Amino acid sequence: PETELLVELALQEIPEDAEWRILDIGTGSGCIAISIAMERPRCTVTATDISIQALALAKQNAKHQQLKNIEFIRSDLFASIKNLKFHIILANPPYVAENDPHLQTTLRHEPQIALQSGPHGLNVITEIVMQAPAFLINPGLLCMEHGYGQEKSITALLTQNRYQHIESHQDINSIPRCILARRPAVTIEVE
């Protein structure tokens, strides 16, 4: 349900007839990218993941839906994305703290690379926030899912990096779960 919120928020931003470029970082099984590609068939969706196995599964899922407007690239975040700009970057990144007890209980069967992100769960989110402006059109949108209790830290990080129009959205349990932010405006220095 939390990831459905991310997709719903993105779809509210993308006009139905838009021909936008959308990037899904860390696509995993491809559910975000595939949902967007299905709902906005005129858009081009690029889905990336560092895991070969995850990309194989995502490709299989997209093939099952007979989608032609989605491409898959093996990439560690933005490393393999060259000279492309996107209207929206979506991410459901790893955001679990490395000592979170859920890693040993309810999440123990999940791939750790898809969950864990440093001592506070913010390492990958920080990398995305720092790198995304180079890959967003102006005023492109960054949409990220995040973990419990991370909203204030992420908002501060976005503010520090001059993102604009930062919005927090709650999940079905009224817990802050997704953050949307516009790309920092380009400043022109006048001499």
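Per-residue 3J(HN,Hα) values for segment 78-89, derived from phi via the Karplus relation 6.51 cos²θ - 1.76 cosθ + 1.60 with θ = phi - 60°, read 9, 4, 9, 9, 10, 6, 10, 10, 10, 6, 9, 10 Hz in sequence order (x marks Gly and Pro).
Remark: segment 66-71, residue by residue, has Karplus-estimated 3J(HN,Hα) of 6, 8, 10, 10, 9, 10 Hz, where x stands for each Gly or Pro and the curve is 6.51 cos²θ - 1.76 cosθ + 1.60 at θ = phi - 60°.
For segment 131-168, backbone nitrogen atoms closer than 19 Å to the point 7 Å from I175 Cα along Cα-to-C-beta are found at 144-155, 168. Here the Karplus curve 6.51 cos²θ - 1.76 cosθ + 1.60, taken at θ = phi - 60°, turns the phi angles of segment 25-36 into couplings of 7, x, 5, x, 6, x, 4, 5, 4, 5, 4, 5 Hz, with x standing for Gly and Pro. For D24, the residues whose modelled amide H falls within less than 5 Å of its own, excluding neighbours fewer than 5 places apart on the same chain, are T46, A47, T48, L90.
Electrostatic tally near K85: other residues with Cβ closer than 13 Å to its Cβ, Lys and Arg +1, Asp and Glu -1, net +3.
None of the figures in this text is laboratory data; all of them are computed from the coordinates on show. Small disclaimer: the values here were computed from a predicted structure and weren't measured. Neighbour counts run over all protein chains shown; Cβ positions are idealised from the backbone, glycine included.
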